[in-house]
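Reading through the structure tokens given below for one structure.
The values are calculated or read from the model by the stated rules, or taken from the named source; none is laboratory data. Being a predicted model, the structure only gives us computed values, none of them experimental. Methodologically, a virtual Cβ is constructed for each residue, glycine included, from the backbone with ideal geometry; neighbour enumeration extends over all protein chains shown.
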Amino acid sequence: MPATFIARHNIHNKREYRRINRAMEERQKDYRMKTILDNRVLLAAFAAWLVAQITKTIYELIRYHKLRFNRLVSSGGMPSSHSALVSGLAAATGRVTGIDSVAFAITLVLAAIVMYDAAGVRRAVSIQARILNQMIDEAFQGKPFAEKRLRELIGHTPTQVIVGGLLGVGIGLIMAG
């Protein structure tokens, strides 16, 4: 019951009135926090992202025999964590609200845009960065060059996007079930 419903005239002691109001405000804060932490859709989306980032780090360890902790927070690579996050969000939303809901339609369109961008636009940026870095290396061969190299691992191959998407759908369906 919100604190506004307690009538002051029903409580004879002002101190008791304040104590009850503070207790009720604390319960309301706890309720709001529990609502966010109990949101299965949100948790599924972030769990899919986290699993993808950890998988990416392990994959690089196996493939290159080098542990790179920066892979836990960087973009690019196998699997796509962006794709995992948005597909996990869409799958969990569909499971919780139904695939005929407006919320599911919105998350599905968002997932399609993000996944297209990861495999299309961001992939093109990666290729351009690689070519520009090669051109700079050739132009300044043997000469000092003060500028930083462009990041080459930005986008994803279609396979990386598909694997991230499948990972997200699986985690989204499991966690929202």
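What number of residues in segment 127-149 are under 30 Å from the mean Cα position of the chain (by Cα) and either assigned by TED's automatic domain parsing to the domain that holds residue 75 or modelled with pLDDT under 70 (or both)?
Residues in segment 127-149 being under 30 Å from the mean Cα position of the chain (by Cα) and either assigned by TED's automatic domain parsing to the domain that holds residue 75 or modelled with pLDDT under 70 (or both): 1 in total.
Only one of 75, 101, 80, 87 is free of Cβ contacts under 8 Å to residues at least 12 places away in the same chain and touching a helix residue (DSSP H, G or I) at 6+ places or on another chain (Cβ under 8 Å); which?
After applying the criteria, what remains is 101.
Which ones in segment 1-39 are surrounded by 10 or more Cβ atoms within 10 Å (Cβ to Cβ), at pLDDT below 70 and assigned to a loop (DSSP other than H, G, I, E, B)?
2, 6, 11
Taking the condition within 22 Å of the chain's Cα centre (by Cα), part of a helix (DSSP H, G or I), modelled with pLDDT of 90 or more and over 15 Å from residue 92 (Cα atoms), does residue 52 pass?
In short, yes.
So, in segment 48-81, how many residues would count as being surrounded by fewer than 13 Cβ atoms within 10 Å (Cβ to Cβ) and among the hydroxyl-bearing types (Ser, Thr, Tyr)?
1
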